[in-house]
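Here the structure is laid out as structure tokens; the discussion comes afterwards.
Computed from the coordinates by the stated procedures, all read-outs in this text should not be read as laboratory data. Treat the numbers as computed from the prediction; the structure is a model and nothing was measured. Reconstructed Cβ throughout: ideal geometry from the backbone, glycine too, with neighbour counts over all protein chains shown.
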Amino acid sequence: MKSATINPKALSLALGLTATVFYIGCVITLAATSHDKAIIFFNSLLHGLDVTSILKTSMPVSQMIFGVITTFILGWFAGAMTAVFYNLSVRGK
């Protein structure tokens, strides 16, 4: 049985968009909750890592847009690499 390959462009887009949705969800969470509630949420999400000293609940729109763009690019790149490495690993099977 021949192994199926993964389309790198499709996986890259899917991972980039998924990462972007998570980033926007994080922004909305920070905007919708108080600083104390955000700390409780992110401390529990990060397995008890204390984010009190680094959590920033307000950021300029330009920084937010830059964050969305870079998150998409990193997600896209991770998807491309995953597909390429997967396809290379099943090539000989």
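Computed quantities for the displayed model
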item: Normalised contact order of the chain, rounded percent, pairs of Cα under 8 Å and 6 or more residues apart; result: 60 percent
item: DSSP-assigned coil residues among trypsin sites (Lys or Arg not before Pro) in the stretch 2-67, each with at most 11 further Cβ atoms within 10 Å; result: 2, 56
item: Charge dipole magnitude, Cβ of K and R +1, D and E -1 - the chain, Cα centre, debye nearest 20; result: 520 debye
item: Cα lying deepest toward the dipole's positive end in the chain, options 35, 69, 52, charges on Cβ; result: 69
item: The chain: DSSP helices with Cα axial extent of at least 20 Å and average Kyte-Doolittle hydropathy no lower than 1.0; result: 8-32, 61-90
item: Where the Cα pairs of the chain fall when distances are cut into 5 Å bins, in %; result: 3, 13, 16, 16, 15, 12, 9, 7, 5, 3, 1
